[in-house]
Amino acid sequence: MKIALIGLANSGKTTVFNALTRGTAATTAYSSGQLEPNLATVKVPDERLAVLTGIFKPKKTVHADVQYIDVAGLSGGGRQGGGLPPALLNYLGTADALLHVVRAFEDSGVPHPDGSLDLGRDVQAVDLELAFSDLAIIERRLSRLSAEIPKMAAKEKELRLAEQELLVRLQAALEAETPIRALGLSDEEQRMIRGYQFLTAKPLLLVPNVGEAQIAAPPTLEYAYPQSAVVPLCGKIEAELAQLDDEDAQSFMDDLGITSPARDLVIQRSYDLMGLISFLTVGPDEVRAWTIRRGMPAVEAAGAIHSDIQRGFIRAEVVPYADLVKAGAMAEAKKQGTVRMEGKTYIVQDGDICHFLFNV
Ligand SMILES: Nc1nc2c(ncn2[C@@H]2O[C@H](COP(=O)(O)OP(=O)(O)O)[C@@H](O)[C@H]2O)c(=O)[nH]1
Ligand SMILES: [Mg+2]
């Protein structure tokens, strides 16, 4: 699962990237104008793993993880050409979600590409670039379709007519500044357009990058589209915090009057927005979180661990996290009757502790 950071130059993308990934990528007040992707894998914070580790004392504890990519160069060339540079599009197209860093901090030493601070304007500008990119793809595809459809055999024709009808609908929405993610497309429709990797179809997390003085009262940003959320963060402070060990970080947070890094919240929200949940496995060797899509049946969830377990699936022993913690041990949970047997079609819930029985 991959989340790409986007935003205007100097909004603090690389700073926020460092805060999220506890990295040390170079930040500058002047962009080099080149595509220099930074990539890092980040553990998804999950307090449940620490509690379960306390109970099971496993040899290792494994978090779910997600990848963040920070690519320079969204503005500039892209804006003049009415679309995004193709090299940047390659990175964004394959991302599962976008994280838009919106500049909210004041600093006269760091020039804003449009000369002044205006969150609403910047959000709209980037949304427009994303929409332009999708529109360009749709227009190219529609002109090919209208040339090819008349020559097609009946069956193929029917499929392509349906695609054409859908693309025309998306085009109208985008021209009215409605992102594709807001259209509530059916699964079938989503399948039809998956190959195009539309940018406005991806879940979007807006992260206002607030100044040091605004932490206690960050500016508000209204953004009411589905599959979108707003989580403010102070890039500069969070990036410093990310470099400290736990003890120093705690006293720094005490000074700032915060209880946990905003980093954790941003990572959790982006995981949520992508429609991801974690089920857990426990034992003396390993306590581990596994990533699946919300709504996945047990037999497919088993495949997240190993394809053999999916293929030879017999049943799943499932106990909700809270029930296991209350019981304090697996045997005790069984005695209390909170461990259930579930079949292939059971929809796995976030925090389910699963043990799969299989036979291959
Ligand atoms: N004062 C202040 N400066 C910041 C903050 N976040 C980033 N900067 C500065 O803004 C400049 C551009 O940041 P950078 O992360 O490179 O932006 P990018 O172009 O979007 O990747 C750097 O000089 C950063 O130190 C912040 O929260 N407060
Ligand atoms: Mg940068």
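What residue, of 153, 172, 176, 201, is hydrophobic (A, V, I, L, M, F, W, C) and surrounded by 15 or more Cβ atoms within 10 Å (Cβ to Cβ)? Break it down stepwise before answering.
Working: 153 fails: surrounded by 15 or more Cβ atoms within 10 Å (Cβ to Cβ); 172 fails: surrounded by 15 or more Cβ atoms within 10 Å (Cβ to Cβ); 176 fails: surrounded by 15 or more Cβ atoms within 10 Å (Cβ to Cβ).
After applying the criteria, what remains is 201.
Cβ contacts < 8 Å: first residue closer than 15 Å to residue 69 by Cβ, restricted to segment 10-26; second residue near ligand 2 (Cβ under 9 Å from one of its atoms) and assigned to a helix (DSSP H, G or I), any location; separation 6+ or different chain. Result?
23/17; 25/14; 25/17
Suppose we filter 331, 289, 302 for residues that are assigned to a helix (DSSP H, G or I) and either closer than 30 Å to residue 227 by Cβ or in the same structural domain as residue 54 (by TED's automatic domain parsing) (or both); which single one remains?
Working: 331 fails: either closer than 30 Å to residue 227 by Cβ or in the same structural domain as residue 54 (by TED's automatic domain parsing) (or both); 289 fails: assigned to a helix (DSSP H, G or I).
After ruling out the rest, the residue left standing is 302.
Could you tell me which of the residues 182, 172 is in a helix (DSSP H, G or I), of a type in the set (A, V, I, L, M) and over 15 Å from residue 133 (Cα atoms)?
Values: 172 fails: over 15 Å from residue 133 (Cα atoms).
Unique residue meeting the criteria: 182.
Please enumerate the residues belonging to segment 226-249 that are away from ligand 2 (no atom under 16 Å from the Cβ), open to solvent by 80 Å² or more (accessible area, probe 1.4 Å) and assigned to a helix (DSSP H, G or I).
Result: 240, 246, 247.
The values are calculated or read from the model by the stated rules, or taken from the named source; none is laboratory data. It should be emphasised that the depicted structure is a prediction, and the values quoted were computed from it without experimental measurement. Cβ coordinates were reconstructed from backbone atoms using ideal geometry, including for glycine residues, and neighbour counts include every protein chain displayed. In case anyone asks, the SASA skips ligands and DNA or RNA and just uses the protein heavy atoms, side chains included. Shrake-Rupley method; radii C 1.70, N 1.55, O 1.52, S 1.80 Å.
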